[in-house]
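Undergrad: Quick one: the structure is below, questions incoming.
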Amino acid sequence: MTQDELKKAVALAALEYVPEGEVIGVGTGSTANFFIDGLAGMRARITGAVASSEASAARLAAHGIPLFDLNEVESLSVYVDGADEIDASFAMIKGGGAALTREKIVAAVAKKFVCIADASKKVPVLGKFPLPVEVIPLARAQVTRALAALGGRPVWREGVITDNGNVIIDVHGLAIEQPVEFEARINQIVGVVTNGLFAQRPADVLLLGTPQGVETFS
Ligand code: 5RP
């Protein structure tokens, strides 16, 4: 099976976690796109969705799925999203698609985070995938110096502006043994909006696409 076929398989398996008559949280990326396309087939059974990016909002709207602003919603029973890496504790690196801040906010409101990922995303230690950090543009150089002092190799993702009008710095060369602490440490750097470690709020369920089928971990 190709990587895209694995992504599609986990995305469709996640439809089982969608409660009827509710607003659900929807993530960003190619795996989330397969989920959105699958959701279209059951749109009459959900009230609508909160999107974690403008791109996902546009895809949901194109399928006729009603969009809700997160401020209109008190809680979400489920949030479905992909990941760039996920470890055994379900801590993740996210933000390859630059949507990390909104993803983290929507995930924080959700009772259950269902991570949909192909098998290549499961890793023993987070950090081989460069860690995305969303930064206020004025603070780019100062945050770059602070991130280098933490031991990584920060690289500005030139030409990318997030949905929030900020820039992304990807930190290469990390081996993140203590993701909860590292997430907090990076967020303390002045000028950082947030970073792509999802360790303080990890996933609750992992649907992993393998050549043998979709494996469920919780
Ligand atoms: C976007 C994300 C995505 O979930 C992550 O990059 C995985 O993407 P894909 O499903 O395309 O592999 O965090 O900001």
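Undergrad: Filter the range 172-200 for residues that are crowded, with 17+ Cβ neighbours inside 10 Å and of a type in the set (D, E, K, R) and give the result.
TA: Across the range 172-200, the qualifying residue is only Glu183.
Undergrad: Give the residues of the range 1-53 that are over 19 Å from Lys121 (Cβ atoms) and in contact with a Phe, Trp or Tyr (Cβ under 6 Å, 6 or more places away or on another chain), sorted by residue number.
TA: Hits for the range 1-53 are Val23, Gly25, Gly48, Val50.
Undergrad: Another question about this same structure. With the requirement that a residue be more than 11 Å from the ligand (Cβ to nearest atom), in contact (Cβ under 8 Å) with a residue 12 or more places away in the chain and part of a helix (DSSP H, G or I), what does the range 26-57 give you?
TA: Matches in the range 26-57: Ile36, Asp37, Gly38, Leu39, Ala40, Arg43, Arg45, Glu54.
Undergrad: For the condition of a type in the set (Gly, Ala, Ser) and closer than 19 Å to Gly29 by Cα, what is the one hit in Ser120, Ser75?
TA: Checking each option against the conditions leaves just Ser120.
Undergrad: Collect the residues in the range 110-134 that are within 15 Å of the ligand (Cβ to nearest atom), without any contact (Cβ under 8 Å) to a residue 60 or more places away in the chain and among the aliphatic types (A, V, I, L, M), keeping them in residue-number order.
TA: Correct list: Val123 only.
Undergrad: State yes or no: is Ala32 under 14 Å from the mean Cα position of the chain (by Cα) and closer than 17 Å to Leu208 by Cα?
TA: yes
Undergrad: If you don't mind, another one. Scan the range 135-161 for residues that are in a helix (DSSP H, G or I), free of Cβ contacts under 8 Å to residues at least 40 places away in the same chain and β-branched (Val, Ile, Thr) and jot them down.
TA: If the condition is that a residue be in a helix (DSSP H, G or I), free of Cβ contacts under 8 Å to residues at least 40 places away in the same chain and β-branched (Val, Ile, Thr), then Thr144 is the only one that fits.
Undergrad: Select, from Leu206, Leu147, the only residue that is under 20 Å from the mean Cα position of the chain (by Cα) and open to solvent by less than 60 Å² (accessible area, probe 1.4 Å).
TA: Every option except Leu206 fails the conditions.
Undergrad: Name every residue in the range 58-87 that is within 14 Å of the ligand (Cβ to nearest atom) and open to solvent by less than 40 Å² (accessible area, probe 1.4 Å), in order of residue number.
TA: Residues satisfying the conditions are Tyr79, Val80, Asp81, Gly82, Ala83, Asp84, Glu85, Ile86.
Undergrad: Related question: Please enumerate the residues belonging to the range 88-109 that are more than 12 Å from the ligand (Cβ to nearest atom) and open to solvent by less than 10 Å² (accessible area, probe 1.4 Å).
TA: Ala91
The values are calculated or read from the model by the stated rules, or taken from the named source; none is laboratory data. This structure is a prediction, so every number in the text was calculated from the model and none was measured. When we count neighbours, we look across all protein chains shown, and the Cβ atoms used for this are built from the backbone with ideal geometry, even at glycine. Heavy atoms of the whole protein, side chains included, go into the accessibility calculation; ligands, DNA and RNA do not. Shrake-Rupley method; radii C 1.70, N 1.55, O 1.52, S 1.80 Å.
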